Amino acid sequence: MKLLLTEDGSHTIYSEHFDEIYHSRRGALTESQHVFIQSGLAALDTKEMSIFEVGFGTGLNALLSWIYAGQQGLKVHYTGVELYPVSKEILNEINLASLFPGHEEKFHKLHQARWGETIVFDDHFSLHKLQGSLTDCTIPDGQDLVYFDAFSPDKQPELWSAEIFHKIYDSMNPGAVLVTYCSKGYVRRNMQEAGFMIEKLPGPPGKREMVRARKPL
Ligand SMILES: C[S@@+](CC[C@H](N)C(=O)[O-])C[C@H]1O[C@@H](n2cnc3c(N)ncnc32)[C@H](O)[C@@H]1O
């Protein structure tokens, strides 16, 4: 793994193993804010929710969710699955915590949290990190929001299959939402096959579209 500076000044990671970067080169923070916070978390109309993230990675989506939950008075129960945890060396150098003065400690707490344990950090945010693959893990029932942030379907087609979307769908409450940066046609068809209703939304800088999928009520 190597650090990369993206156009909005936030770091992301390049994975040599997948020959893929974790976020958009146009801005890691900008992309996460747009796809997961503004189009996902901010679009829910409840004060308490369970969130499941595919690919915990740098913890950026968890950090943004925790900060947002505190600002809006929400209560978030966050579960993230990750097969390849980011190394301590990279986490020591990545600049994501420093982008949020006053919240730096949150970033460190997210990463210090032990895998496989639920940790209640404060009134607004609890975390359960699952180490393993999305393909094998048990997703806790009752999810209200899913951040689908796997590597692209070109690199990991097995994670974007109808079977995987079925598994996620089954863990979600009626009316729950899944957001992802990818809007490829066959990915949308796989989501529809699993039962989701699809909405295409404007993407973050550099991407025309993203997807918000909803489990019908
Ligand atoms: C596009 S990156 C996004 C990471 C994270 N959401 C972030 O903002 O840093 C995709 C993530 O999925 C993880 N991943 C790859 N294969 C996986 C699998 N089979 N199950 C769970 N996570 C996986 C990668 O290690 C990486 O952290």
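For Asp8, work out the one condition from (1) surrounded by fewer than 19 Cβ atoms within 10 Å (Cβ to Cβ); (2) part of a loop (DSSP other than H, G, I, E, B); (3) within 12 Å of the ligand (Cβ to nearest atom); (4) without any contact (Cβ under 8 Å) to a residue 60 or more places away in the chain it doesn't fulfil.
(3)
Scan Gly175, Gly132, Gly206 and give me the residue that is closer than 24 Å to Leu44 by Cβ, surrounded by fewer than 14 Cβ atoms within 10 Å (Cβ to Cβ) and among the small types (Gly, Ala, Ser).
That would be Gly175, the only listed residue that is closer than 24 Å to Leu44 by Cβ, surrounded by fewer than 14 Cβ atoms within 10 Å (Cβ to Cβ) and among the small types (Gly, Ala, Ser).
Looking at the stretch 143-157, which of the residues that are among the acidic types (Asp, Glu) and over 15 Å from Phe56 (Cβ atoms) is surrounded by the most Cβ atoms within 10 Å (Cβ to Cβ)?
Asp144
Please find, within the stretch 122-163, the residue that is nearest to Thr180 (Cα to Cα) out of those that are of a type in the set (Gly, Ala, Ser) and within 14 Å of the chain's Cα centre (by Cα).
Only one residue tops the list, namely Ala150.
Specify which of the listed residues (Asp122, Asp141) is touching a residue at least 40 places away in the same chain (Cβ under 8 Å) and assigned to a loop (DSSP other than H, G, I, E, B).
Result of the check over Asp122, Asp141: Asp122.
When residues of the stretch 44-90 are filtered for being of a type outside the set (Gly, Ala, Ser) and more than 20 Å from Ser133 (Cβ to Cβ), how many remain?
21
Looking only at the stretch 40-55, which residues are surrounded by 20 or more Cβ atoms within 10 Å (Cβ to Cβ) and either aliphatic (A, V, I, L, M) or in contact with a Lys or Arg (Cβ under 6 Å, 6 or more places away or on another chain) (or both)?
Result: Leu41, Met49, Ile51, Val54.
Out of Lys47, Lys88, which single residue is modelled with pLDDT of 95 or more, farther than 27 Å from Leu5 by Cβ, among the charged types (D, E, K, R) and more than 12 Å from the ligand (Cβ to nearest atom)?
After applying the criteria, what remains is Lys47.
If we scan the stretch 107-121, do we find a residue that is under 12 Å from Val54 (Cα atoms) and within 16 Å of the ligand (Cβ to nearest atom)?
Among the residues of the stretch 107-121, not one is under 12 Å from Val54 (Cα atoms) and within 16 Å of the ligand (Cβ to nearest atom), which makes the answer no.
One residue is enough: does the stretch 67-76 have a residue meeting the conditions within 12 Å of the ligand (Cβ to nearest atom), under 17 Å from the mean Cα position of the chain (by Cα) and of a type in the set (Phe, Trp, Tyr)?
Taking every residue of the stretch 67-76 in turn, none turns out to be within 12 Å of the ligand (Cβ to nearest atom), under 17 Å from the mean Cα position of the chain (by Cα) and of a type in the set (Phe, Trp, Tyr).
Report every pair of residues separated by at least 6 positions or lying on different chains whose Cβ atoms are under 8 Å apart, first residue within the stretch 37-52 and free of Cβ contacts under 8 Å to residues at least 60 places away in the same chain, second small (Gly, Ala, Ser).
Pairs that qualify, where the first residue is free of Cβ contacts under 8 Å to residues at least 60 places away in the same chain and the partner is small (Gly, Ala, Ser), are Ile37/Ser65; Lys47/Gly73.
Which residues, taken from the stretch 83-109, are of a type in the set (S, T, N, Q) and part of a helix (DSSP H, G or I)?
Residues satisfying the conditions are Asn92, Ser98.
The values are calculated or read from the model by the stated rules, or taken from the named source; none is laboratory data. The shown structure was predicted, so the numbers you read here are calculated from the model rather than taken from an experiment. In this analysis, Cβ positions are derived from the backbone assuming ideal geometry, glycine residues included, and neighbour counts consider all displayed protein chains.
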